[in-house]
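A short worksheet on the structure shown next.
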């Protein structure tokens, strides 16, 4: 017989940011547990509110399936003596498997004859099984910040207050440190009953909904979003989708009711980002915009309850928001009184990182790296002046009251303060952009000045942390170095910047040398190259490169990110060429023959066979015709043109003995092959390319 099973773990309020991960882990571990015990079911889902984690299993069988296993024992030579009696080894093996020695069987294997025990395991009834394994399942859940409460020697995200364990209409008792499961759950803390009795597992959702708890987080999320949409339409506005905020709100409540509040229009004179930050990050409100994209003096909040006394609730939310906005207004008005130039000096007292110095030292190092980039890119004098000014002011807002209170606004407030004091818009934009990309999927800087400062700022952090031994590990990356390195690669690629990544790293490390940071520069540089190599590999994979193409191009001089990706794309496109497989096979053969051959000038007068003459003439023609293609970085066209050499290579290998007895002839033929093979070396190691896709 199969019935529905319910497990509810009732707790004190769980932080919203932990809920999604906890529900996912709970489902995975429950599935693994049922599989191990050979218990079949129709479906399994996990649900949650701030006060409960729930597993619901549809049509769970009562008894696990039986299992017959063959256990291999000692060899026959060891298990049976010369008189045909079982030895102590065989008897001990049989005893360990809980069978009689006479029940052992002999089987032939590739390594000889062995005794085997046929062990039959009966499936266990969940009434006997679950009381033993469910407490272990619950306590095995991992949380970023578990807690221990009272004098109990257990850790969980929050104290467990009740447990419900029902199979159909029967309770299955489980116990965790004196908390024994029952059929009693709890409704909404204020609106529902604290004693909700369930007749069976199937009544769980409806009984709780009657008590103002919507357990299904997906249903709850849909209700929240629909209520928000309905309110914004009524207010003739719109709310921008924000999945992260919606999920956080969803896991902050059990019974949602959306409401619309307003604030004084005078606050709209503040930078819109400061208003949005206060509403979203600190109050968990959705800002409301008009149809043309202008921020309105309205917000959408979601309360944990019904619409009773909703006007009082709206007024309360408005008062709380007004206080926060009033703080923001005070901070802004106070900050604009202080010129950014004066704020920069205060950075000398702000520690960037204990081993790496102050934020003022960081902008000094960033200046040197930014100047290097500007020289390489040959920027105009005007752009260079904007770059110098923007870099100097980029971190000034870190000491402002607004950013101290709302760190999320770093760079953004610097942009507004720069405009307020009359800085060029190009300078202000660069200040705003230089933290980008600050998270996965974030946009890149749009201006060249912002891009350069962003690259300089990130390479400084990465090189400094590597030099100081603060490197990412498998356990964590506290300084987000992987993300910052990926951001550098994206900016160099998307911006088509002709920058040498290795020289950039060396320049940054040299700034730390001048500062006096003790490091092994050679080892640090090697570690940074390997670190960035993986980031470039990730970027190549995102751009659709196959693993063999990635391995190929990363054997080249891959320090120019844009150029490396262009070559990878050309190779991927070249794979569609009808002659690709045969050409790569012939190319690899030539590479293997000349692997240990030093580069040497080809002497056409040493040719003895018409095939090698034709190959040399064809190669010369291709080389001449491809000169402009190489210069223009038309790598696909280079490969397409080079593919026309394939018949000549085939003819060469068919008619020419490369390892001729005449030493001069042999060496000249090897030089010919070496020259041809080396021609495509800028693409990487073509021997790593597969002759066909696997």
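The values are calculated or read from the model by the stated rules, or taken from the named source; none is laboratory data. These numbers come from a predicted model, not from an experiment. A quick note on method: Cβ atoms are made from the backbone with ideal geometry, for glycine too, and the neighbour counts reach across all protein chains shown.
Restricting attention to region 118-152, the residues that are in a strand (DSSP E or B) and at pLDDT 90 or above total 1. Of the numbered criteria (1) within 25 Å of the chain's Cα centre (by Cα); (2) free of Cβ contacts under 8 Å to residues at least 12 places away in the same chain, the one residue 481 fails is (2).
Residue-by-condition table, conditions (1) outside any helix (DSSP H, G or I); (2) over 30 Å from residue 191 (Cα atoms); (3) in the same structural domain as residue 407 (by TED's automatic domain parsing); (4) in contact with a strand residue (DSSP E or B) (Cβ under 9 Å, 6 or more places away or on another chain):
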residue	(1), (2), (3), (4)
224	no, no, no, yes
268	no, yes, no, yes
284	yes, no, no, yes
296	yes, yes, no, yes
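Scanning region 40-50 for residues that are more than 14 Å from residue 6 (Cβ to Cβ) and touching a strand residue (DSSP E or B) at 6+ places or on another chain (Cβ under 6 Å) yields 40, 42. Taking residue 190, is it closer than 22 Å to residue 19 by Cβ, assigned to a helix (DSSP H, G or I) and outside the structural domain of residue 310 (by TED's automatic domain parsing)? Against the criterion (closer than 22 Å to residue 19 by Cβ, assigned to a helix (DSSP H, G or I) and outside the structural domain of residue 310 (by TED's automatic domain parsing)), residue 190 does not qualify. For residues in region 171-187 being touching a helix residue (DSSP H, G or I) at 6+ places or on another chain (Cβ under 8 Å) and outside any strand (DSSP E or B), which is surrounded by the fewest Cβ atoms within 10 Å (Cβ to Cβ)? By that ranking, first place goes to 173.
Scanning region 34-71 for residues that are within 30 Å of residue 115 (Cα to Cα), over 32 Å from the mean Cα position of the chain (by Cα) and not in a loop (DSSP other than H, G, I, E, B) yields 67, 68, 69, 70, 71.
Between 91, 113, the distinction of being free of Cβ contacts under 8 Å to residues at least 12 places away in the same chain and touching a helix residue (DSSP H, G or I) at 6+ places or on another chain (Cβ under 7 Å) belongs to 91 only. Of everything listed in (1) in contact (Cβ under 8 Å) with a residue 40 or more places away in the chain; (2) farther than 30 Å from residue 111 by Cβ; (3) touching a strand residue (DSSP E or B) at 6+ places or on another chain (Cβ under 6 Å), the single unmet condition for residue 68 is (2).
Within region 182-199, the set of residues being closer than 26 Å to residue 148 by Cα and in contact (Cβ under 8 Å) with a residue 60 or more places away in the chain comprises 185, 186, 188, 189. Just to be sure before I move on: is residue 527 touching a residue at least 60 places away in the same chain (Cβ under 8 Å), assigned by TED's automatic domain parsing to the domain that holds residue 368 and more than 18 Å from residue 490 (Cβ to Cβ) in the structure I sent? So residue 527 passes the test. Listed by position, the helices (runs of 4 or more DSSP H) contained in region 547-657 that have at least 3 residues being under 16 Å from residue 679 (Cα atoms) and not assigned by TED's automatic domain parsing to the domain that holds residue 675 are 561-574.
Residue count for region 153-170, restricted to those that are outside any loop (DSSP other than H, G, I, E, B) and either in contact with a strand residue (DSSP E or B) (Cβ under 6 Å, 6 or more places away or on another chain) or surrounded by 18 or more Cβ atoms within 10 Å (Cβ to Cβ) (or both): 9.
One residue alone among 31, 13 is closer than 21 Å to residue 185 by Cβ, in the same structural domain as residue 147 (by TED's automatic domain parsing) and within 29 Å of the chain's Cα centre (by Cα), and that residue is 13.
Scanning region 341-400 for residues that are assigned to a strand (DSSP E or B) and either free of Cβ contacts under 8 Å to residues at least 40 places away in the same chain or crowded, with 17+ Cβ neighbours inside 10 Å (or both) gives 351, 352, 357, 358. State whether the residues of region 531-544 include one that is touching a helix residue (DSSP H, G or I) at 6+ places or on another chain (Cβ under 7 Å) and on the phi > 0 side of the Ramachandran plot. Checked region 531-544: at least one residue is touching a helix residue (DSSP H, G or I) at 6+ places or on another chain (Cβ under 7 Å) and on the phi > 0 side of the Ramachandran plot. Of the residues making up region 443-468, just one is under 20 Å from the mean Cα position of the chain (by Cα), within 15 Å of residue 412 (Cα to Cα) and either crowded, with 24+ Cβ neighbours inside 10 Å or in contact (Cβ under 8 Å) with a residue 12 or more places away in the chain (or both), namely 444. For region 650-670, the condition holds for at least one residue, the condition being that it is at pLDDT below 90 and within 18 Å of residue 580 (Cβ to Cβ).
Is it the case that region 500-513 has a residue that's surrounded by fewer than 18 Cβ atoms within 10 Å (Cβ to Cβ), more than 19 Å from residue 564 (Cβ to Cβ) and at pLDDT below 95? Yes, that holds for at least one residue.
Consider region 483-516. How many of its residues are on the phi < 0 side of the Ramachandran plot and either in a loop (DSSP other than H, G, I, E, B) or not assigned by TED's automatic domain parsing to the domain that holds residue 365 (or both)?
5
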